[in-house]
Structure formats: C-alpha cells, structure tokens
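The values are calculated or read from the model by the stated rules, or taken from the named source; none is laboratory data. Not measured: the values here are computed from a predicted model. Using ideal geometry, Cβ is built from the backbone for each residue, glycine included, and neighbour counts are taken over all protein chains shown. Remember, those area values only see protein heavy atoms, side chains included, never the ligands or the DNA or RNA. Shrake-Rupley method; radii C 1.70, N 1.55, O 1.52, S 1.80 Å.
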Amino acid sequence: MVAGIVGSLRLGSGLRRLPGRFVTREWRLPAGIAALLGLLLALPLAGAVAVTPAIATAPSPPDCREQGLIDCPLPYDAVLPPAAEMLSWDPETRVVGFRNTYRLYRGDAFHAPRGKAKVLQRLAGVVPPIRYDADGKSAGIDDYIRSQRVTGLLILKDGRIAYEYYGQGNTDRTLWTSRSVAKSVVSVLVGIAVREGFIHDVSDPITRYLPELNGTAWDGVTLQELLQHSSGTVWNENYADPQSDFARLTRCEALPEPYPCVLELIRSLKRMPGVRSGEVWSYNTGGAWLVGRLLETATGMTLARYLETRVWSRYPMERDGVWQALVRGEIDMGGHGFNATLRDWGRFALFVQQGGRLPSGEVLLPADWLQRSTSWTRARGSVTPATPDGQYGYQWWFGGLEPSVHRAPGDAETMRQSFWAEGIYGQAIAINPAQRLVMIQWSAWKEAEPPASMYEEQVRFFNGASRALRGVSSAIDAGGQRPDPGRP
C-alpha cells in the first residue's frame, strides 16, 4: 500500500545490471601446429585428475564515464529504446527511456560536491493522508499514483520530506528526464545571469546576443517575448503529428550530429501573418531552445556548466546530473534535457521557493525575478476560462481549474499562490512559496498531451496536499537527530 507513506523509500525490485561484454577475436594457427596440438590434447595424461571449472568472474559494473559520471545511476537498463521514436514509445518503454535519456543522447554532466549535500530531513510524527476530489469521489495517494502513472513523487513541507515514493523500478539514484520542466530551470538561470550582468535586460532584442538570427523570423523579438512564448513565430508543437515542428526537432536530436539540423529548423521558421511579437501566445520548444542558446552565448558557458557553478555545487545537491547536449561542451538543449534525481529536483525547487537563496544566505536572483516570472502573459491564447489572468510566464505555468470543477475551501488561494513547471507525459514541479510547499512528480502518461483532466488532477492533488499539511509541525525527527542523507 502506498497510502500513509511518510518519508518512506521503496527501492524498485528487479534491478538489472548490465552484463559484462566479452569480445572474442579469431586466431588462425598454421595447419601443422594446429594438427600437433590436436594430437597432444587427445592423448591421455598420466595421473590426470578431474579439474573443477573455474568460476566465472562477476560482470563488471556499468561504466558511465562516457556521460561524465563517476557513479552510474540505478537502475541501469541493458536495452534502450530508439531516441528518434520517443513520441511513439509505449508507457512501459517510456519508463526505461526516461530514466536512461542521459544515455540516449550526448550530454554535459553537472557535478555535485561529494558528501556535502543539503540534507532533506523528515517531518516529525504522523503526516496526515492526502485526500482530493476525483470526479466527485474522494481519492487518496494510491489512486493518484495509479491514475497519473507516477514513477516518482516527492512532497516537501518547510523543506522537509513529507512523502517520497519510487515506482516502476526507479530509485533514489535514478536520473529521470525533465522534458519541458527544463524550460523553467533555464528561466531561473536567466534570472541569475541578469543579476550577474551577463544579460542586460529581458527587454533586449535577442539578436543582441544571437546576431545569426538577424533577417530571420526571430528578428525583433525580445528576450521577454521569447520567455513568454509570444514571439509570433509559426511553430507546430503537436506531439501526435509526425510532421510537426516538434516531431522534426525530436528526429534532429537523435542524429549523430544534431546541431546543424536543429539550427536549420529554427532558422527556417516563418512569422505568423499580420502578428507582431508579444501579441499571441503559442507554446514553442524551438523558441525555448533559443532562450538556452542566448544564455550560453551571454555567459560563455553551457547550461550544464552554468547550472553547476551557480547552483548545483553551491546549494549543494547530492548527485551529478546530465544535460542533453547538441554539441558536447558547447551547446546544450534548452527546451528540455535536464536529468537529475528526485531529491535533487526537490532541492532545486526549494532553491526557487526560497527566492533563489542558497543555504549560505546568498541570493542569486533579482529581488523581483519570481514575481516577474509568474506575471502571466495576457497575449491572445494565454487567457482561458481556467486561467482568466493568463497561463504562462517566464516559462512557468499557472495551474488553473475549469470554473465547473469543484473547489474545496482554500483551493483558490493555493492555486493563486502556486506556479508550475510542466513536461510532457506528466513531469511536474509545483511550488507554493507562501505555504513553503513543493511537489515533484515523475510520470509515464500514455499520451504526451492527454485530456485536460490529467493536468486538473495534478492541481487538485496539490491542493489536497496543501490542505493535509497545513499546520503540520516542521520539527525534525524525535531527539533532534539529523537523518542519514542517503535515507528518507
């Protein structure tokens, strides 16, 4: 049973180790020598005794140095699905693919200092069960995990673990891929770069940093418009259309040399007829890649390196991660491609929840960055009945509900205070700074873009977590002991 998990850790069963690989070489002896050896081997040996065959040595552990990692994440699956077919994987294949994405593409590692991670302590005592409304019925965490096909779930209250769950064989050493949650990570890095002076202002035209876009559909677009996905550039994000721009991008990324293909795709895009930048909201992963590319050009570092030097090594995190690269050591994939453990996703969310503050007290973000990031654009297409004030900011989402959906007391306030990072197939980070509440979710949905009810269920569940954890003591374990950082 999952209900009532309080800071528990369930390691997946059936973890597989990659078998050792043995390479055989064919040696050809001269015919005469081969015949002589055959005769000698056929002769009985005086005093011969039975010899017990030598016991085969255990296979060598997997080697992840190619990905820039010293310790391999777990599980380390032996058979991986084709990256080019990512949009057509079945849910079971997707689990394997998403926890091995760091191996499917070239990548740049971002490193954590060993043994120095900020410890995530447990909430003391019994944590109340989470209840939420599911189609008019009261549902709990078991129901949510089944419905959302959850493979990892972490809920933090006051920076401490309230709930932790791993499913489908995932562990606390699994590097799960973010999909578009990475866009929100990049947004935070842009804020750091603004504070450090690498980026002058989000009102700058992006050609100030990417002059190669002069004369293209991106000419005249500001960084703020790029962050808000209101560039006015035509882009088809339809995940079910094999000819969409996103599907073409996916195939480009799977090539041995992906960068020229991606760059050509982005440069070839057209403008929406009669639309000025800033007028229409249209979700655009191609534009999100340009946000990351602009950041790399401004800082002179890859996304992985900038993340490592500013946040990952200083918060600090527990384990290394990998960012998908188009050119290793030079160009990372800003639209997605962040791979890290569940707890390190949680630590990053805590960094954001605390306004970009490190445990040392140093603040890395401009004072108004989160407020600006979550001031939702009202460009055409962003305002809906569920999001009357707009649904998108600086690559963060507002988690709204249709007016007809039941709301428990306090839900409206929780939604107003919260903001979300979302990735296809159910990846999510939800942050409520006012309530000091964070949720991390890994999932393997059947569809990239499911019915709206799947997103609404996430919002209703987070609202339920808010209700359950209000007033819960944030005291550490009885006796004031700090838990082992390797345990929940």
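Worth pointing out:
- Whichever lysines have a C-alpha closer than 25 Å to that of K183, once near sequence neighbours (fewer than 8 apart) are set aside: K118, K157, K270, K446
- Modelled FRET efficiency - R0 56 Å, R146 with D201, Cβ distances, 0.05 increments: 0.75
- Additional length obtainable on full extension of the chain from R357 to V234, 0.36 nm per residue less Cα span: 40.6 nm
- Taking the convex hull of the alpha carbon positions in the stretch 322-373 and averaging its projected area over all directions gives 4.8 nm².
- In sequence order, calculated HN-Hα J values of the stretch 176-189 (Karplus, 6.51, -1.76, 1.60; Hz; x Gly/Pro): 9, 7, 8, 6, 6, 3, 4, 4, 5, 4, 4, 4, 5, 5
- Candidate aspartates and glutamates - alpha carbon under 12 Å from K116, same-chain residues fewer than 8 apart omitted: E318
- Once the Cα-Cα distance is subtracted from the 0.36 nm per residue extended length, the A434 to D63 segment shows a gain of 129.2 nm.
- Taking max minus min of the alpha-carbon positions on each principal axis, the stretch 384-479 gives extents of 47, 29, 27 Å, largest first.
- FRET efficiency, S375 to L255 (Cβ-Cβ, R0 41 Å, nearest 0.05): 0.60
- Near Y392, the amide H atoms lying under 5 Å from its own belong to T377, F398; only residues 5 or more places off or on other chains count, and H is placed 1.01 Å from N.
- Stretchable slack from D241 to E447, in nm (0.36 nm times residue separation minus alpha-carbon distance): 72.9 nm
- Surface accessible to a 1.4 Å probe, per residue, for the residues of the stretch 149-301, Å²: 33
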